[in-house]
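Below is one structure, written out as structure tokens; comments come after it.
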Amino acid sequence: MKIEINKDVVKSKGNEIVTYSEEFRNYVKQIYSIIDSINLVWEGSDSLKYINTMKEVYLKGLDSMSDAIQQYGTYLKNVPEVYEMIDEIYAQKNIDV
């Protein structure tokens, strides 16, 4: 069995995902800004509860998602290098299956 990948495509897709993660992170920053401005038009304890819940639950989740997207893109960018290294290591070996 021979497994092949198109290293240029994988690296390109990894770069695209990293770019998307940066865009996603910018959207999350905009959401932070919107939530911070809520207290300008909504006062009281309900406002504070809402803002805190949004920051502690939802925005933390969005931050984690942004990090995961960025890490996956970086991983894909590095996959071709790993395949090249494996190719070099096993190029001279004969593996009977």
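The values are calculated or read from the model by the stated rules, or taken from the named source; none is laboratory data. As the structure is a prediction and not an experimental result, all values here were calculated from the model. Cβ coordinates were reconstructed from backbone atoms using ideal geometry, including for glycine residues, and neighbour counts include every protein chain displayed. Only protein heavy atoms, including side chains, enter the accessible area calculation; ligands, DNA and RNA are left aside. Shrake-Rupley method; radii C 1.70, N 1.55, O 1.52, S 1.80 Å.
Does the stretch 45-68 contain at least one residue that is closer than 30 Å to residue 6 by Cβ, among the hydrophobic types (A, V, I, L, M, F, W, C) and in contact with a helix residue (DSSP H, G or I) (Cβ under 7 Å, 6 or more places away or on another chain)? Scanning the stretch 45-68, I find no residue that is closer than 30 Å to residue 6 by Cβ, among the hydrophobic types (A, V, I, L, M, F, W, C) and in contact with a helix residue (DSSP H, G or I) (Cβ under 7 Å, 6 or more places away or on another chain), so the answer is no.
Say we look at the stretch 64-97 and pick out the residues that are open to solvent by 80 Å² or more (accessible area, probe 1.4 Å) and of a type in the set (S, T, N, Q); which of these is modelled with the lowest pLDDT? Filtering first and then ranking leaves 94. A search for C-beta distances below 6 Å between a residue of the stretch 30-46 that is surrounded by 10 or more Cβ atoms within 10 Å (Cβ to Cβ) and any residue that is of a type in the set (A, V, I, L, M, F, W, C), counting only pairs 6+ apart in sequence or on different chains, returns 35/51; 35/54; 38/51. Here residue 52 fulfils each of the conditions (1) loosely packed, with under 13 Cβ neighbours inside 10 Å; (2) closer than 30 Å to residue 94 by Cβ apart from (2). Only one of the listed residues (7, 11) is in contact with a Phe, Trp or Tyr (Cβ under 9 Å, 6 or more places away or on another chain), surrounded by 13 or more Cβ atoms within 10 Å (Cβ to Cβ) and of a type in the set (Lys, Arg). That residue is 7.
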